[in-house]
Amino acid sequence: MRRSIRLFILGLILCQSILFAGTTGKISGRITDRESGDPLIGVNVILEGTMHGAASDHDGYYSILNISPGEYSLKTTMIGYQSVIQTNVQVMVDLTTPIDFEMGTETLAGEAVIVIAKMPTVKKDVTSTSFRVSADQIEQLQVQNLSEIINLQAGVVDGHFRGGRAGEVMYIVDGVPMNDAYSGDNLFDVESDMIQEVEIISGTFNAEYGQAMSGIVNIVTKEGQKNYSGKVSIYAGDYLSSHTKTFMNIDDVNPASITNLQMSLSGPVPLFKERLSFSILGRVYSNDGWQYGQRIFRPNDYSYFSEKPDEQFIQSTGDSVYVPMNPNLKKSLQGKISFKLSQRDKINYTGFFEDEKHRDFDRLFKYNPNGNYHHESSSYQHSLQYTHMFGRSTFLTANASESYTEYAQYVYQSPYDPGYVPLEYLTQNNSNGFATGGMRMWHHFRDNRTRILKTDIRSQITKNQTIGLGVSYKKIRLWLHEYQIYFDENDEIQIPSDLSWYNNTYTHEPEEMSAYIQDKLELGEIIINLGIRYDYFDPDGVVPENFYNTVDAPKRTAETSSQLSPRVGIAYPISDQGVIHFSYGHFFQIPNYEHLYINPDFEVSLIQLKGDQPPRGRFNIMGNAELKPEKTVSYEIGIKQAISSDLTIDVTGFNKDIRDLIGQITLQNIYGGKFWYFINRDYANVKGITVALDMREVPGAVGFSVDYTYQSATGNASDPLDESKNQESEPPIQSEKKRQPLNWDQTHSLNLTTTTTQMGYHISVIGKIGSGTPYTRESPRYNNRILNGERKPMRMTFDLNVIKDFRLNSVTISPFIKITNLFDRKNNREVYASSGTADYDYNMIFETYRGYNTQKEWYIQPNYYDEPRRIILGCSINFGRNN
């Protein structure tokens, strides 16, 4: 049966096509005689600087499809009539730009009427909440990367879209999904200078988008133009904060603590004129971070702490140097090649490469920083896209892509490195404070390779209807190997047996397939989007037939899953400057693969070694290859109204009912071993309202946007691992059955941006204010425990960016300063459960501290706060078309 389904869908890929994430937009309109108002037939419409064009029909209507987002000039010509050129024509992904022409009879031969196109303040074919940010707007905001853009949008809180869990967002670059197959995270942070347009959908979305429950981030990268342009940007800086008691070594200002070098170049390839162009960007970024430790101890030191001074001894061989504990080094290379084979055919090749090394702060190793983990990852993705126009109303796009990611986590790369010492150096020093020796012992390695085949056909079958349909196929290969080394009785390093819970490895090759149809109806000014999507998933895994003895139990092949997802969206104008939009849809997402395959041998250990938990899980948890897709039913209704030619207001209410989220159940085998098995058991509901006010910046004036979100996100669990965490606590906690606020439930969110250009200065101010997210109050003297019944302090931050342009012919030199967390506010990211603040823990008065330094120092956790004030100074040099 499975083979038949695969062959059927693969056959459709070869002989049909799919509609995938939009990367182009459309221009349409009507051409009439200026004097009589009659339609003009056969007028040539040319999109200048491109090979796109059209001719008006017998009613004067025309349309141009498959246009990359950006700003264009549109020209009409006809014998006997004066040519008309409309400039400043903005094209956006998946939207129609309406441009009408009135043509008068020719008075002077060769002269053309030039008109600056006035873009509509309200886009009337937007049927759900989405935000589109162009390259020019990114330049005005002066943001560095994609994540900064995303977190400025209404309803987005630290990567959570409208109350959904992390990992429920699909990232798409030039039509190709860019999520890490293992964890669901974004595979690449596309650099802002490579982005032509980014569309962020936080509401419902069309059937062309799949494998996402909360949102879509759709990115279109820049293509090279007919003229060369480039940019070199360099900056350096450091954190400058007065909070010296919280952030160790923060007063040691090093102007080179943060460095960045970025270079980009785009233009035509010599000898090919305008047919072959390129765009390439390279970046090297280094940040020592703001969380420091001090190397008082090394891993091979051993100490013993006691309340009796004569029984205590401390061995310290460190050099007392301050060591960054959350450093980051990233190197990236991103590029695109476009080849226009003819007026009908085009090829795009897009490539990304990223190499990153970082460490995460762990207060245990504050004075023994060499004992903490190193994290390394390397990724690449490349895709080939072929586009063919069948006449002027139909085009096909075929896409093939491959991505690869490898990740490693360890203290020393070789498990037999002589720097390793027995685990007892870390765990058996009678300390309940900082580590004075030892290190982490787990080694974690994984890689995954994803191959995608996609084709697309989209056709405007009438002037009012556009249809797309098709299928897709994705093949994934995942490999993982992790183990915790130990020392045997002869003090020799050993890797546990393959049969041990402390040594796991697997290789799986799951497959995903989908088919869908999308119909866009433009009935006068009413827009209707109708679509339905089919998804099929083969997990390529096994599950035990019973749980009494999971290792020896017979195994069977995990069942496949499939589902249908209907979608509908409507936009209905209520005036020439106002529109009501409504949308409804079912959205499914396959759980992250780490939850399907963790603990592949289904082992249950009766004894837990002291030390840390596995890097990507917890003790005795077990994956389930038969997890069903998680499901969201979502709807929204809103109104967008233009108050003036540049000012709009948007009010939208939304509701999401979420089912089959991943959770755990507690089981026990015949030997008394307790373990936790992933199942579809959790549920949630999110509802709220957003109010957005946007003032478009015009030359010499101030532009701003203000958006407010009121939201309630409730559910029975925030984390798929909540059940095992609750059962391992002392005493065990009963898991919640009713809905409570989720960990990221931010009731009130306010985002503010202001931009202006004055006398060559580009100034932007970005503010984010949010009410406190929930936490569970717990204390030995507090018995009324209510899950997420209390709220953390509010968070507020403002960023300032200032750039000054100096123009020298075709070159622009732009020195700049960027300040994040301008007022150096100590925002609490995490809090102590006893106090509701990150500043102190009431539990410390009930404890007897044994260990290095003081109890007060132990309870200072810099990772409980957002980063302090950061100041960077730099300069960029631009040349070419941007000037």
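Dividing the summed -39500 (n - 2.57) terms of all DSSP H runs of n ≥ 4 by the residue count of the chain sets its mean residue ellipticity at 222 nm at -1500 deg cm²/dmol. Relative to the 2.2 N^0.38 Å rule of thumb, the stretch 92-161 has a C-alpha radius of gyration ratio of 1.70. Per-residue SASA remark: residue 545, around 110 Å² accessible (1.4 Å probe; ligands, DNA and RNA not included). Neighbours of residue 796, meaning other residues whose beta-carbon lies under 15 angstrom from its beta-carbon, give a summed charge of +3 when Lys and Arg score +1 and Asp and Glu score -1.
Backbone phi angles across the stretch 672-687, fed through the Karplus curve with coefficients 6.51, -1.76 and 1.60 (θ = phi - 60°), yield HN-Hα couplings of x, x, 8, 8, 10, 10, 6, 9, 7, 9, 8, 8, 7, 9, 10, 9 Hz in residue order; Gly and Pro are listed as x. What does the charge count near residue 271 come to, summing +1 for each Lys or Arg and -1 for each Asp or Glu among other residues with Cβ under 15 Å from its Cβ? That works out to +3. Electrostatic tally near residue 446: other residues with Cβ closer than 14 Å to its Cβ, Lys and Arg +1, Asp and Glu -1, net -4.
Listed cross-link partners 656/792; 124/454; 123/520; 118/346 are compared with a 19 Å cut-off, the Cα-Cα value being larger for 656/792; 124/454; 118/346.
Counting every Cα pair in the stretch 678-728, what percent are over 16 Å apart? So the pairs more than 16 Å apart make up 65 percent of the total in the stretch 678-728.
Based on Cα contacts under 8 Å between residues 6+ apart, the stretch 777-868 shows a relative contact order of 28 percent. Over the stretch 109-233, all Cα pairs binned in 5 Å intervals from 0 give whole-percent P(r) values of 2, 9, 18, 20, 18, 13, 8, 6, 3, 2, 1, 1, 0, listed from short to long. What translational diffusion coefficient, to the nearest whole µm²/s, does the stretch 52-114 have by Stokes-Einstein, given a Kirkwood radius computed over alpha-carbon pairs, a temperature of 10 °C and 1.306 mPa s viscosity? Stokes-Einstein gives a translational diffusion coefficient of 123 µm²/s. Sorting the Cα pairs of the stretch 527-579 by distance into bins of 10 Å, from 0 upward, gives 19, 22, 18, 16, 12, 9, 5, 0 percent per bin. Solvent-accessible surface of the stretch 18-120, averaged per residue with a 1.4 angstrom probe and all protein chains in place: 42 square angstrom.
Scattering from the stretch 51-186 was approximated by placing one identical point on each alpha carbon and applying the Debye formula without solvent; log10 I(q)/I(0) at 0.11 1/Å stands at -0.60.
Considering the stretch 726-883, its Cα convex hull presents a mean projected area of 14.6 nm². Across the chain, the relative contact order, built from alpha-carbon pairs under 8 Å that are at least six residues apart, equals 10 percent. The mean sequence separation of alpha-carbon pairs under 8 Å and at least six residues apart, normalised by the residue count of the stretch 464-576, gives a relative contact order of 24 percent. Taking amide H atoms as placed 1.01 Å from N in the peptide plane, the amide H of residue 24 lies under 5 Å from those of 94, each 5 or more residues away in sequence or on another chain.
Across the stretch 747-795, the fraction of Cα-Cα pairs farther apart than 12 Å, rounded to a whole number, is 73%.
Normalising by residue count, the stretch 492-555 has a Cα convex hull of 177 Å³ per residue.
Computed from the Cα positions only, the extents of the stretch 588-680 along the three principal axes stand at 72, 27, 18 Å, in decreasing order. Each 5 Å bin from zero holds the following percent of Cα-Cα pairs in the stretch 197-269: 3, 11, 12, 9, 9, 9, 13, 18, 10, 6, 2, 0. Remark on the chain: Rg and Dmax equal 29.4, 107 Å (Cα only). For the stretch 377-393 versus the stretch 143-216, the inter-centroid distance based on Cα atoms is 19 Å. The percentage of C-alpha pairs in the stretch 728-820 whose separation is greater than 22 Å is 56%. The Stokes-Einstein estimate for the stretch 188-232, based on a Kirkwood radius over Cα pairs and taken at 25 °C with 0.890 mPa s viscosity, is a diffusion coefficient of 191 µm²/s. Amide H contacts under 5 Å for residue 366: 435, restricted to partners 5 or more places along the chain or on a different chain, H placed in the peptide plane at 1.01 Å from N.
Full extension of the segment from residue 406 to residue 843, taken as 0.36 nm per residue of separation minus the current Cα-Cα distance, would add 153.2 nm.
The alpha-carbon atoms of the stretch 467-510 define a convex hull whose volume equals 82 cubic angstrom per residue. Couplings 3J(HN,Hα) of the stretch 537-547, computed from phi: 9, 10, x, 6, x, 10, 9, x, 7, 8, 10 Hz, in residue order, whole Hz [Karplus 6.51 cos²θ - 1.76 cosθ + 1.60, θ = phi - 60°; x for Gly and Pro].
Listed cross-link partners 26/331; 674/856; 357/475; 26/336 are compared with a 25 Å cut-off, the Cα-Cα value being larger for 26/331; 674/856; 357/475. Kirkwood Rh over Cα pairs of the stretch 807-883 into Stokes-Einstein at 25 °C, 0.890 mPa s: D in µm²/s? Calculated translational D: 148 µm²/s. 3J(HN,Hα) along the stretch 181-196, derived from phi through the Karplus expression 6.51 cos²θ - 1.76 cosθ + 1.60 where θ = phi - 60°, amounts to 5, 7, 9, x, 6, 5, 6, 9, 9, 4, 5, 4, 6, 9, 8, 7 Hz, with x in place of Gly and Pro. Tell me, what % of the accessible area of the chain is carbon and sulfur with a 1.4 angstrom probe? Whole-percent figure for carbon plus sulfur exposure: 55. Summarised as an ellipsoid, the stretch 489-638 has semi-axes of 49, 18, 12 Å, derived from the eigenvalues of the Cα gyration tensor scaled by 5 and square-rooted, with the largest first.
In degrees, nearest 10, range 0 to 90: what is the angle between the Cα axis of helix 2-15 and the longest Cα principal axis of the chain? Taking Cα atoms only, the helix is inclined about 30 degrees.
The values are calculated or read from the model by the stated rules, or taken from the named source; none is laboratory data. Worth saying up front: this structure is predicted, and the values here are computed from it rather than measured. Glycine also receives a Cβ, built like all others from the backbone with ideal geometry; neighbour counts cover every protein chain displayed. Accessible surface areas use protein heavy atoms only, side chains included; no ligands, DNA or RNA. Shrake-Rupley method; radii C 1.70, N 1.55, O 1.52, S 1.80 Å.
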